[in-house]
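Okay, structure first, notes after.
The values are calculated or read from the model by the stated rules, or taken from the named source; none is laboratory data. From a predicted model like this one, the values you see are computed outputs, not experimental measurements. With ideal geometry, Cβ positions are generated from the backbone for all residues, glycine too; neighbour counts draw on all protein chains shown. Only protein heavy atoms, including side chains, enter the accessible area calculation; ligands, DNA and RNA are left aside. Shrake-Rupley method; radii C 1.70, N 1.55, O 1.52, S 1.80 Å.
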Amino acid sequence: MTATVPGAVGAALARLEGPEKVTGAARYAAEYRQEDVAYGWIVHSPVPRGRLNAVLADPAADALAVLWHGNAPRLEPADDPELDVLQSDRISYRGQPVALVVAATLEEARRAAQVVQLDIAAEEHDTVLRADHPGLYTPEKVNPAFPADTSQGDIEAALRDAPFTVDVTYRTPALHNNAMEPHATIARWDGDDLVLFDSNQHPSGIAAAVGTVFGLPPERVHVVTEHVGGGFGSKGSARPNAVLAALAAKVVGRPVKVVLPRQAMFSLVGYRTPTIQRIRLGAGPDGVLNAIDHVAIEQTSRLYEFAEQTTVATRHMYAAANRRTGHRLVRLDMPTPRWMRAPGEAPGMVGLECAIDELAEKLDLDPIELRIRNEPPVEPESGTPFTSRHFVQCLREGAERFGWAGRDPRPRQRREGDWWIGTGVAGAIYPTMAQPSAARARDLGDGSFEVSIAAADIGTGARTILAQIAADALGVPVERVRIRIGDSTLPKASVAGGSSGSASWGWAVTGACRELRDSGRAEAVFDSTEQVNQQEKDGRHAFGAHFAEVRVDAVTGEVRVSRLFGMYAAGRILNPRTARSQFLGGMIMGMGMALHEEGVLDPDMGQWVNHDLAEYHIPAHADVESIDAEWLDEQDEKINPMGSKGIGEIGIVGSPAAIVNAVWHATGIRVRDLPVRLDKLLAS
Ligand code: MOS
């Protein structure tokens with residue numbers, strides 16, 4: 001049987017749930033009506049380190065329960081110690097939940113939480129990341145399982161002998177995930193079974209993790225995650241709100257809702273670790289690199305080792321016979337850093353791609369040409385061929401569309417009125433991953449089909465894309481496919497993370513639909529585990545090039561991004577409409593990383609002082625002037641059955657560097673600690 005319908009994949013289909021979302025009919029986790037629901041309000045530790053001796057609740061406050069480690073039910077140990085909530089007197093970071101107040105209304109819960117008294121023995125704390133911290137160590141692995149250090153050739157000798165070198169240190173600040181929809185859970189016990197309405201990126205994973213702490217197998221935890229208002233990595237694993245809600249519901253015998261206020265997003269959901277990156281490059285006069293050295297210093301918490309893979313992208317970008325990458329970590333009395341869109345690649349490529357720009361300046365060579373001269377024939381460290389790599393084409397084609405030709409390479413040359421104008425470029429890379437998943441396809445007998453998988457659509461368009469993939473695999477128009485996702489009772493799916501959703505779930509959906517079609521049965525289930533595990537691990541990446549034009553006010557130092565352009569090679573684009581939105585979203589977040597976003601730490605308090613969206617700045621509409629994304633028609637038969645690469649994260653990889661490089665081109669000033677604030681431009 002062959003498909004006679006024009007392919008749904010590749011069509012610019014609008015999001016299937018769009019009308020529901022814009023009319024307010026789409027339900028998010030906190031919006032499910034539950035009979036007799038109670039409200040939980042978290043009491044956060046006011047100190048970064050110490051012991052909680054007692055919690056004194058005001059008996060006059062209208063609380064149903066004030067839970068803390070002195071009275072909370074015991075939980076089974078979690079894989080992630082941050083889910084062992086209210087189990088210990090140990091305080092490991094400021095903002096850690098030390099109590100949960102439960103009341104019949106939100107206002108009563110919040111009021112009672114405000115008057116709770118904490119008896120805390122505070123201890124000396126250490127919250128500042130620095131390059132000479134005595135506690136720095138080399139982790140065994142960096143996320144998810146890469147060696148912390150790699151080395152080839154003789155890096156020191158190569159740098160010593162290189163006619164042209166760069167030795168620079170770039171710093172990126174702590175960055176905070178702030179999805180529009182904050183983390184939220186409603187927990188309800190049905191006998192010994194748990195139901196969670198929870199905002200997350202991984203219903204199957206949340207069921208397993210929360211099940212573990214309550215001693216329940218995953219199938220006894222029903223996680224409902226129909227719509228999610230963004231995640232960016234912060235909802236990739238269960239957060240304390242899910243366990244707290246379930247714990248409280250057990251104690252008060254009613255459903256309990258716990259919604260994080262915006263301020264709590266700055267301590268409870270992870271953040272992007274600050275980094276201090278030293279990059280050394282050595283090249284000949286022709287620009288051919290002989291040495292690449294990139295070592296990142298970053299932080300983790302006392303509770304949990306989160307080792308971000310900051311310099312792993314550097315292992316795959318450019319050829320050089322002598323090379324070294326590494327990671328050093330220090331445990332601080334701070335919240336645990338976690339995933340934030342392109343964790344590792346986004347900060348790491350700031351260091352590498354800005355250093356490459358600095359080398360181009362020294363060589364008096366066009367930065368695009370410099371990159372092209374160092375294009376590797378195979379993956380530089382592993383020697384594995386790329387399934388496809390069109391980085392040079394992205395640079396060339398992107399340069400053409402952006403209008404790079406004729407650029408005066410010298411900085412501080414173009415002035416229009418009060419504005420210095422400059423342009424910059426940077427490369428982009430993101431690994432193409434797929435995780436095992438399962439899907440079920442059913443022939444409903446009326447010419448329509450139902451396809452089910454426990455995937456989460458966090459706003460990316462996953463639901464729509466899966467319908468397109470299913471339609472083509474079944475050989476029917478997309479209108480005849482009904483997709484069910486967002487529920488842990490559906491066939492088990494991998495996380496909506498690592499830009500791997502479409503590949504992972506699409507693989508399983510394709511398998512189930514083909515099997516249904518070929519077998520002629522009414523139902524087929526497909527589990528991709530075996531096929532996915534057979535994949536070669538190396539050599540699988542999407543590539544891109546980012547181009548920025550900025551203007552910098554000579555008087556005030558204000559930076560405006562007049563143009564931002566991304567040119568990508570990311571395999572088959574499954575839906576140009578939702579893809580474009582992913583690319584642009586990533587690039588705008590990259591603009592935030594370059595110019596706006598910064599967690600400002602008060603070392604005495606051990607707290608991010610700008611823990612709200614009034615003071616933690618993100619790009620607003622007015623900051624985006626002209627922005628666009630284009631892509632090559634890249635064919636990659638080896639990568640997966642769809643030929644698609646992930647696109648959710650590559651937009652934030654390299655776009656910050658392109659802007660920083662453009663700021664240098666405009667002003668002649670290299671800002672090496674992000675974000676590029678106007679005071680840093682005015683100081684010199
Ligand atoms: Mo993404 S940081 O892998 O959700």
Fill in the blank from the handout: By accessible area (1.4 Å), largest first, Tyr304, Tyr93 order as Tyr304, Tyr93
Problem - Chain lengthening between Glu450 and Glu140 when straightened (0.36 nm per residue, less Cα-Cα) - result: 107.1 nm
Completion exercise
For Trp339 the rounded accessible area (nearest 10 Å², probe 1.4 Å, non-protein molecules ignored) is 90
Practice task
May I ask you to give the solvent-accessible area per residue for the chain, in square angstrom, as obtained with a 1.4 angstrom probe?
Solution key: 37
Exercise for the section: Only helical DSSP H runs with n ≥ 4 go in: add -39500 (n - 2.57) per run for the chain, normalise by residue count and round the 222 nm mean residue ellipticity to 500 deg cm²/dmol. Expected result: -7000 deg cm²/dmol
Practice task
Once you have a ≥ b ≥ c as the square roots of the Cα gyration tensor eigenvalues for the chain, tell me rounded if a/c is under 1.5, and otherwise prolate or oblate according to whether a/b is larger than b/c.
Solution key: oblate
Exercise for the section: Would you work out if the range 387-529 is rounded, prolate or oblate? Take a ≥ b ≥ c from the square roots of the eigenvalues of the alpha-carbon gyration tensor; rounded if a/c is under 1.5, else prolate when a/b is larger than b/c, oblate otherwise. Expected result: prolate
Handout entry: Part-to-part distance (alpha-carbon centres) for the range 285-346 and the range 367-421, which is given in Å
Key = 22
Exercise for the section: Quote the accessible area belonging to Asp538 in square angstrom, nearest 10, computed with a 1.4 Å probe and with ligands, DNA and RNA left uncounted. Expected result: 60
Practice task
Determine the order of Ser437, Ser502 by accessible area, beginning with the largest, at a probe radius of 1.4 Å.
Solution key: Ser502, Ser437
Handout entry: Amide proton proximity set for Ser437, modelled H, under 5 Å, gap of 5+
Key = Ser528, Thr529
Practice task
Could you go through the range 586-595 in sequence order and give the Karplus-derived ³J(HN,Hα) for each residue, using 6.51 cos²θ - 1.76 cosθ + 1.60 with θ = phi - 60°, rounded to whole Hz, and x for Gly and Pro?
Solution key: x, 5, 5, 5, x, 5, x, 5, 6, 10
Problem - Selection from Gly233, Pro285, Val259, by position along the positive dipole direction of the range 233-316 (Cβ) - result: Val259
Problem - the range 584-668 shape via C-alpha gyration tensor axes, a/c threshold 1.5 - result: prolate
Handout entry: Full-extension gain in nm, Asp161 to Val115, via 0.36 nm per residue minus C-alpha separation
Key = 9.9 nm
Problem - Net length gained if the chain between Trp189 and Gln152 were fully extended (0.36 nm per residue, minus Cα distance) - result: 7.8 nm
Practice task
Return the loop-located GluC sites (Glu not before Pro) in the range 1-72 (DSSP other than H, G, I, E, B) with at most 16 other Cβ atoms within 10 Å of their own Cβ; answer none if there are none.
Solution key: Glu35
Handout entry: the range 69-169, accessible surface, carbon-and-sulfur percent (1.4 angstrom probe)
Key = 47
Fill in the blank from the handout: Rounded to the nearest 10 Å², the 1.4 Å probe accessible area of Asp633 is 130
Exercise for the section: Scan the range 499-551 for trypsin sites (Lys or Arg not before Pro) in coil per DSSP, keeping those whose Cβ has at most 13 other Cβ atoms within 10 Å, and list them by number. Expected result: Arg521, Lys537
Completion exercise
Diffing the range 109-115: the Karplus 3J(HN,Hα) column from phi (6.51, -1.76, 1.60, θ = phi - 60°), in whole Hz with x for Gly and Pro, holds 5, 5, 4, 5, 5, 5, 9
Handout entry: Of all accessible heavy-atom area on the range 193-301, the percent that carbon and sulfur account for (1.4 Å)
Key = 57
Exercise for the section: Tally up the carbon and sulfur contribution to the accessible surface of the range 321-401 as a whole percent, 1.4 Å probe, everything protein left in place. Expected result: 45
Problem - Whole-Å distance, taken between Cα centres, linking the range 104-145 and the range 240-254 - result: 22
Handout entry: Hits among lysines - C-alpha to C-alpha of Lys638 under 17 Å, sequence gap 8 or more where chains match
Key = Lys537
Problem - Dipole magnitude of the chain about its Cα centre (Cβ charges: Lys, Arg +1; Asp, Glu -1), debye to nearest 20 - result: 360
